[in-house]
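For reference, the structure is listed below as structure tokens.
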Amino acid sequence: MISLKPYLIRAIYDWIVDNNFTPYLLVNAEAEDVVVPRQYVQDGRIVLNLRPQAVHGLALGNQNIVFNARFGGKPMQVDVPTRAVLAIYAQENGKGMIFDEDEDGNGDDHTPPPAENAPAEPAPAKKRPALKVVK
């Protein structure tokens, strides 16, 4: 199953831009395959400005977020796997979404499939989904 995370990132990005706000992406810079300017990483994290005027060739894909930008006047291609995205929010009011740092980003709940011919057991009660309010 495809992760919901990249769809939420795209939707929130569109909402932020449609409201003339500045989209900020909080990234775990220590995650595997993250390509960001290391000189701006603080405590293993980096905040990236995704304002359309600040980036070129922005692609909000299902697996990666890729764009070109200038950092300290030097051009760089940034590549962030969606699993490394910790939050997307509007700089002006902080509205957006925080993602679970432990989520692997592929939609897999790590539950193995049932063995063939296994006796049917009642499924354990699942926790009810909850939404976090971000201020």
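Taking amide hydrogens as placed 1.01 Å from N in the peptide plane, the amide H of Leu86 sits under 5 Å from those of Leu26, Val27, Asn28, each at least 5 positions away in sequence or on another chain.
For the range 1-42, rounded, prolate or oblate, judged on the Cα gyration tensor with a ≥ b ≥ c (square roots of eigenvalues), a/c < 1.5 rounded, else prolate if a/b > b/c?
Cα axes put the range 1-42 in the oblate bin.
Each label point was placed 7 Å from the Cα along the Cα-to-Cβ direction; for Gln53 and Leu8 their separation is 3.0 nm.
Could you tell me the calculated FRET efficiency between Asp79 and Trp15, based on Cβ-Cβ distance and R0 = 30 angstrom, to the nearest 0.05?
On the way: r = 24 Å, r/R0 = 0.80.
So the FRET efficiency works out to roughly 0.80.
In a simple Cβ point-charge model (Lys, Arg +1; Asp, Glu -1; nothing else charged), the range 5-98 has a dipole of about 120 debye relative to its Cα centre. Local charge for Asn64 was computed over the other residues whose Cβ lies under 9 Å away, with Lys and Arg +1 and Asp and Glu -1, and equals -2.
Which of the three applies to the range 5-98, rounded, prolate or oblate, going by the alpha-carbon gyration tensor with a ≥ b ≥ c and a/c under 1.5 meaning rounded?
Working: a/c = 1.43, a/b = 1.24, b/c = 1.15.
Rounded.
For Lys95, Lys74, the sequence from fewest to most other C-beta atoms within 10 Å is Lys74, Lys95. Annotation: amide H-H contacts under 5 Å for Gln91 (H modelled 1.01 Å from N, sequence separation of 5 or more, or interchain): Thr22, Tyr24.
Values quoted throughout were computed directly from the atomic coordinates according to the rules given, and no laboratory measurement underlies them. Bear in mind that the values here come from a model prediction, so they are computed numbers and not experimental data. In this analysis, Cβ positions are derived from the backbone assuming ideal geometry, glycine residues included, and neighbour counts consider all displayed protein chains.
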